[in-house]
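The values are calculated or read from the model by the stated rules, or taken from the named source; none is laboratory data. Keep in mind that what you see is a predicted model, and the values were worked out from it rather than measured. Glycine also receives a Cβ, built like all others from the backbone with ideal geometry; neighbour counts cover every protein chain displayed. All accessible areas refer to the heavy atoms of the entire protein, side chains included, with ligands and DNA or RNA removed. Shrake-Rupley method; radii C 1.70, N 1.55, O 1.52, S 1.80 Å.
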2 protein chains.
Amino acid sequence: MIRKLTDKIKKTNAPIVVGLDPMLKYIPSHITGKAYEEFGETLEGAAEAIWQFNKEIVDNIYDLVPAVKPQIAMYEQFGIEGLKAFKKTLDYCKEKDLIVIGDIKRGDIGSTSEAYAVGHLGKVAVGGKSYAGFDEDFATVNPYFGTDGIKPFIDVCKQEKKGIFILVKTSNPSSGEFQDRLVDGRPLYEIVGEKVAQWGELHMGDSYSYVGAVVGATYPEMGKALRRIMPKAYILVPGYGAQGGKGADLVDFFNEDGLGAIVNSSRGIIAAYQQGKYAEYGEKCFAEAARAAVEDMRDDIMSALDGRKV
Amino acid sequence: MIRKLTDKIKKTNAPIVVGLDPMLKYIPSHITGKAYEEFGETLEGAAEAIWQFNKEIVDNIYDLVPAVKPQIAMYEQFGIEGLKAFKKTLDYCKEKDLIVIGDIKRGDIGSTSEAYAVGHLGKVAVGGKSYAGFDEDFATVNPYFGTDGIKPFIDVCKQEKKGIFILVKTSNPSSGEFQDRLVDGRPLYEIVGEKVAQWGELHMGDSYSYVGAVVGATYPEMGKALRRIMPKAYILVPGYGAQGGKGADLVDFFNEDGLGAIVNSSRGIIAAYQQGKYAEYGEKCFAEAARAAVEDMRDDIMSALDGRKV
C-alpha cells in the first residue's frame, strides 16, 4: 500500500490528499434541501447530504489525486447515521481506486489499540468467519501511550500490507504546549519522531516505511528537522491552505527524490466555492471549484519543489 | 453531573466504575450461540451477543456502582453494527441511572475536537433541529494537541453540565516512553497534570471540577504526586485487577474526604467467571460472578481507605 501510494503520487504528479471533512455549512443548499426533503432535518438527512456532497467531490477529483482523508469526527458527530456515511464514503473512494487514509487519531493501551487496528485496518473474527469493519488503507494514530499503543497497529498493518501515520507535530496553534517541551534539550516532537523512525523499521516497504508521521505544514522549520530524523517515513502534512500553510513552506518536508510527503487540504478544497477566488463557480458547481482548487494546489506545491531543484 | 457522580459514590459507598469492554472471548457460548443462530456469524451476530452480555451484566451490577465505562474500541472493531451495540448499551445504562463514561480517548485540532465533543457529549444542529449522537455523560480525552484540542470539549461540557477525563499517566507498561520524559527536571505527566488543574478551573462543580484526569492504578507513586498537583480533579483510575493494581495501591489517588477518585475494572469484573476465584458460578451465571467481583473490589478498596484513616 505504501508502494501504491508512491506510485500514484508519481503518476498524478500530485503529492496531495483531499480531506473529506464535510461540515454542513460547506454543503450547498440544493444538496441539504434535497436530503432534508427525503429524510427530514434528521441525522439521516444530514448523513445523506454529506454522502451526496462527498460523492460529487470525489467524482470530480479522483483522477487528479492519489488519496483522500476522511476525518471521522465530522461523521461521528452525527452518531451512527454519520458513521454510515463515513463507511459509504470510504467504500466509494476505494471503488474509484483512491487510497483512503482514515483520519481517526486513535490510540490506547495494547488490547484496545488492537481493537481499533482490527476495526479500521484489519479483520475481526466472529465465530469461524472474519469481517472488515471499516477497512481504510491507512489510519492516523496518537503516540501518547508509547510502543504498547502503536505495536498492535503495526502488527495488523503487516498482515494487511497497510500503514499508519503517527502524530508527531500537529498543525494547531497550541501543539507546542506539550510537543515542543524540551526533553534532554530537545523538543518532545523530535523524541517522538525518533520513535517513529524506529517503529518504521518494523514494517518497511521498498524505500519508504508503512509507518509514517503527521507533521503540520504550519511548522516548516520543525518539518525540516523531522525530515532528517525520519528519512524513511512518509510525512502526512495537514495545515495547508485554510490553516495557513503554503507550497513554499513545504519543500523541506520532501526528500530529494521529490517523495516522502503528502500534503492535505480539506476545506480549502471541498469548500473552495465559498472562497472569493473560486466564487465564480457558484454553489451549484462546488465540485468543479474543488477540482480547480486541487489543480492550483498541485501547481503551487510542484512549482515550489521544482524551484528547489534549480 | 460531577455532583451526581460524587453523590452516587457516597450512596453506593463504591468509588468503582465497571468497564464494559466486551471481547467475544469473554462472552459465554450460550449467548454467542443464540445470537449467531438468529443473525449468523456476522457483525450483527457479534453485536447482538455483546449487547445481550452487557445487558445481563448491567442488570446485575447497576445498584452497586455509580458508573460504567464502555470502551468504544471494543464495539468499533465490529464496524457500524458494533457501534449500534455501543449506543444501545449506553442508553440502557442511563435508563438504569448509571453514569456513563464513554472511553473514547478522542482529541484533535480545535474544529475536529469540537465535532467529537458535540457527537459524544453535546448536540449537533441539523437545519433547525438538534440531536445528540451518542450522548455519554463523560468522555476520556487525549491531551497531545494541547489547549486547542481540549477547550472545545470543555465548552460543550459547560453547556451540557457534563465532564471529561484527560489522559495524564496511562496504565500501560510503555506509558513512560513519552509521559515520563523529564521536562525542566519534571516528568511530562506532571506538566500535563498541571494543565488539567488549570483547565479544570474553567468548569468547576461544588468541590470538584468537571475536568478530571486518567492516572493508571499501576503507578501509585505517580498517582500520589498527581493527586497533589490536581487537588480538584476527579481521577479515573484504570489498571485495577487484571492489569495488576490492588486496593492498597490506590489510597493515595483519593483525597482525605475519601473522594476524588473512581477506579475502573473491566475484564476483572465482566469476565470474572473465567477466573479460578469465581469459577464456581460457571458461565451460565457469569453476571452473578460479575456482581460478586464488584462486591469484592468494593470491599478491597474501602478497607484500604478505612485502613488509611486509622
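For B:ILE104, state whether it is touching a strand residue (DSSP E or B) at 6+ places or on another chain (Cβ under 8 Å), open to solvent by less than 20 Å² (accessible area, probe 1.4 Å) and either under 21 Å from B:GLY245 (Cβ atoms) or of a type in the set (S, T, N, Q) (or both).
Answer is no for this residue.
crowded, with 16+ Cβ neighbours inside 10 Å, free of Cβ contacts under 8 Å to residues at least 60 places away in the same chain and within 14 Å of chain B (Cβ to nearest Cβ): is that true of A:GLY260 in this structure?
no
Considering only residues that are open to solvent by less than 40 Å² (accessible area, probe 1.4 Å) and of a type in the set (D, E, K, R), which ones fall in the stretch A:43-55?
Scanning the stretch A:43-55 gives a single hit, A:GLU48.
Identify, please: which residue in the stretch A:59-96 is within 16 Å of the chain's Cα centre (by Cα) and closer than 14 Å to A:ILE27 by Cβ and is, among those, surrounded by the most Cβ atoms within 10 Å (Cβ to Cβ)?
A:TYR75
Only one of (1) outside any helix (DSSP H, G or I); (2) open to solvent by 50 Å² or more (accessible area, probe 1.4 Å) is not met by A:ALA248, so which one is it?
With respect to (1) outside any helix (DSSP H, G or I); (2) open to solvent by 50 Å² or more (accessible area, probe 1.4 Å), A:ALA248 is out only on (1).
Out of the residues in the stretch B:276-300 that are in contact with a Phe, Trp or Tyr (Cβ under 8 Å, 6 or more places away or on another chain), assigned to a helix (DSSP H, G or I) and hydrophobic (A, V, I, L, M, F, W, C), which is most open to solvent (accessible area, probe 1.4 Å)?
The selected residue is B:ALA279.
Go through the residues of the stretch A:139-147 one by one and say whether even a single one is within 26 Å of B:THR32 (Cα to Cα) and more than 7 Å from chain B (Cβ to nearest Cβ).
There is no residue in the stretch A:139-147 that is within 26 Å of B:THR32 (Cα to Cα) and more than 7 Å from chain B (Cβ to nearest Cβ).
Mind telling me which of the residues A:ALA248, A:ALA290 ends up being closer than 26 Å to A:GLU221 by Cβ and of a type in the set (A, V, I, L, M)?
A:ALA248
Assess whether A:ILE150 counts as being within 11 Å of chain B (Cβ to nearest Cβ), assigned to a strand (DSSP E or B), modelled with pLDDT of 95 or more and closer than 26 Å to B:PRO173 by Cα.
no
If you check A:GLU37 against the conditions, is it in a loop (DSSP other than H, G, I, E, B) and within 13 Å of another protein chain (Cβ to nearest Cβ)?
Taking the combined requirement at face value, the residue does not satisfy it.
For the subset of the stretch A:12-42 comprising residues that are open to solvent by 30 Å² or more (accessible area, probe 1.4 Å) and hydrophobic (A, V, I, L, M, F, W, C), which member is farthest from A:ASP300 (Cα to Cα)?
It comes out as A:PHE39.
Being facing chain A (nearest Cβ under 9 Å) and open to solvent by 10 Å² or more (accessible area, probe 1.4 Å) is the filter here, so list the residues in the stretch B:153-170 that pass it.
Listed by number, the list is empty, since nothing qualifies.
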